[in-house]
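Participant: My structure is below; once you've seen it, I'll send some questions.
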Amino acid sequence: MKYRAIKGVKDILPGETEKWYFIEKNARDLFETFGFSEIRIPIIEKTALFARGIGETTDIVEKEMYSFEDKGGESITLRPEGTASVVRAYIEHGLYNNHSLTKLYYMGPMFRHERPQAGRYRQFYQIGAEIFGEDSPSIDADIITLLMDLFKRLGLNNIELQLNSLGCERCRPVFRESLVDFLKKRLPMLCEDCNRRFERNPLRVLDCKSKTCSEVMRDSPGMEGSRCEKCQRHLDGVIEYLLIAGIRYILNPRLARGLDYYTRTTFEITDKRLGAQNAIAGGGRYDSLVKDFGGPQISAIGFAIGVERIVSLIDMGDKVIPGSSPEVYIAALGEEANRMAFDLLRQIRLRGIRCETSYSDQRFVPKKSLKSQMKKANQYGVSYTLIIGDNELRNGKVILRDMKKAEQEEVDIEDIVKVLVERIG
Ligand code: HAM
């Protein structure tokens, strides 16, 4: 084969796309109920936006971004995530002037140059949500509830919600300090990357997935010992509201989340059925990012779901959405019949009924027997087949065959569309 899709990038084929519609439809419905509006953000942005937003010393920015110089010499990056772009758009269009509370959602591809493996792609899709303008812990619980409700609707029942609070600009440095103290004595046991992380951004050592580093970090100090009173009270508030919503959680004081913009609440949803890449969604608060990007002091919180990982977990069972298989098939025999079949095909489709035909035309393609056309109708699994022959046409009739009952009748041509609409609805 001459061309193949590039490594880490995959086609989503018919048969699977139905699952995507199912996920997207449920997400849109729920977002609407929770008062969100859709925002469509560009796929490319200035590199500096992500470098500043996600953090210069994160793995995403250091190693994983698809960045290139455009023809004007500007450094451009294919978005590795959506939050930085949504924040930029929120400030650029002064969305905070419209409402004190702004709820936005987005869907689309993201790009990270990671080592591809099961559940990890270089182009992957996220469904994300961001809320601007509210500090109350009840909004944290509200957005987590949305996420858990969505997973419930999708039939994911084996998931775990991990929760942490990374504190604020006052207590985070205390945590950083205790982490540095812990790491200093264990540097030879940590991987090369983590030795580098220790120098530049020690918190990121918590993200390392390598076996030895994870083992070392099991005894590392968690955030709980460093949190200031206000941040602890905020976390207690989130928990209180989660309990009201009946949402179970696991406190994970070492959940650091790989991106630098988080403050206070962070969370991740995992599913044990997945392998190493078991996070199906993650998110958290980022109360300084709007200001850091040159906007007013406005707090925010959000999440993003990894769609491929959800797709791999969903069992559609009886929830299959009607696909594009036809409901009616038109079999035609003869030149006049072929033309009538083409006309009826269009009329039936205009009434919203899925219809296929044999595209019979002896002048260009070998003659298709009635038997082969009926075989096709059976393969499609249609409910009705129209059989049009030149003889019937002379009497202004077509044959309508009910495929399930295996019965057929003659119907006047001018009535056939109406009859089909009545029967199929
Ligand atoms: P993230 O944890 O980097 O967060 O990504 C969110 C989800 O995207 C992950 O939990 C995972 O399911 C999926 N994901 C990430 N990388 C890949 C990959 N290479 N292949 C397949 N799926 C992947 C964010 O992106 C933040 N922007 C979330 C957020 C929104 N925080 C606040 N607002």
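Participant: For VAL205, all conditions in the list (1) more than 32 Å from the chain's Cα centre (by Cα); (2) without any contact (Cβ under 8 Å) to a residue 40 or more places away in the chain hold save one; what is the number of the exception?
Facilitator: For VAL205, the failing item is (1).
Participant: Which one of the conditions (1) surrounded by fewer than 16 Cβ atoms within 10 Å (Cβ to Cβ); (2) assigned to a loop (DSSP other than H, G, I, E, B) does VAL382 fail to meet, given that it meets all the rest?
Facilitator: It is condition (1) that VAL382 fails.
Participant: Same structure again: Please state which one of GLY295, GLY302 is touching a residue at least 60 places away in the same chain (Cβ under 8 Å) and either more than 11 Å from the ligand (Cβ to nearest atom) or in a loop (DSSP other than H, G, I, E, B) (or both).
Facilitator: After ruling out the rest, the residue left standing is GLY295.
Participant: Limited to the range 234-254, what total is found for residues that are at pLDDT below 95 and of a type in the set (A, V, I, L, M, F, W, C)?
Facilitator: So the answer is 0.
Participant: Among the residues that make up the range 279-289, is at least one of them more than 8 Å from the ligand (Cβ to nearest atom) and part of a helix (DSSP H, G or I)?
Facilitator: There is at least one residue in the range 279-289 that is more than 8 Å from the ligand (Cβ to nearest atom) and part of a helix (DSSP H, G or I).
Participant: Would you confirm, using the coordinates I've provided, whether MET148 is at negative phi, of a type in the set (A, V, I, L, M) and not assigned by TED's automatic domain parsing to the domain that holds TYR249?
Facilitator: No: the conditions fail for MET148.
Participant: Any idea which of ALA332, ALA276 is over 17 Å from LEU386 (Cα atoms), away from the ligand (no atom under 11 Å from the Cβ) and among the hydrophobic types (A, V, I, L, M, F, W, C)?
Facilitator: ALA276
Participant: When you go through GLY302, GLY334, GLY258, GLY283 one by one, which is the residue that is crowded, with 17+ Cβ neighbours inside 10 Å and under 30 Å from GLN408 (Cβ atoms)?
Facilitator: After ruling out the rest, the residue left standing is GLY334.
Participant: For the subset of the range 256-312 comprising residues that are of a type in the set (Asp, Glu) and more than 19 Å from the chain's Cα centre (by Cα), which member is farthest from GLY119 (Cα to Cα)?
Facilitator: The residue in question is ASP292.
Participant: Restricting the first residue to the range 270-282 and requiring it to be touching a residue at least 60 places away in the same chain (Cβ under 8 Å) and closer than 12 Å to LEU147 by Cα, which pairs with a second residue that is surrounded by 17 or more Cβ atoms within 10 Å (Cβ to Cβ) and acidic (Asp, Glu) meet a Cβ separation below 6 Å and a spacing of at least six or different chains?
Facilitator: Partner pairs satisfying both residue conditions: ILE280/ASP271.
Participant: Quickly run through the range 111-127 and pick out the residues that are near the ligand (Cβ under 7 Å from one of its atoms), assigned to a strand (DSSP E or B) and under 21 Å from ILE41 (Cβ atoms).
Facilitator: PHE124, GLN126
Participant: Could I ask something else about it? If a residue must be in contact with a strand residue (DSSP E or B) (Cβ under 7 Å, 6 or more places away or on another chain) and within 23 Å of LYS7 (Cβ to Cβ), how many such residues does the range 64-122 contain?
Facilitator: 18
The values are calculated or read from the model by the stated rules, or taken from the named source; none is laboratory data. What you see is a predicted model, and the numbers here were worked out from it, not measured in a lab. Glycine gets a Cβ as well: all are built from the backbone with ideal geometry, and neighbour counts include every protein chain shown.
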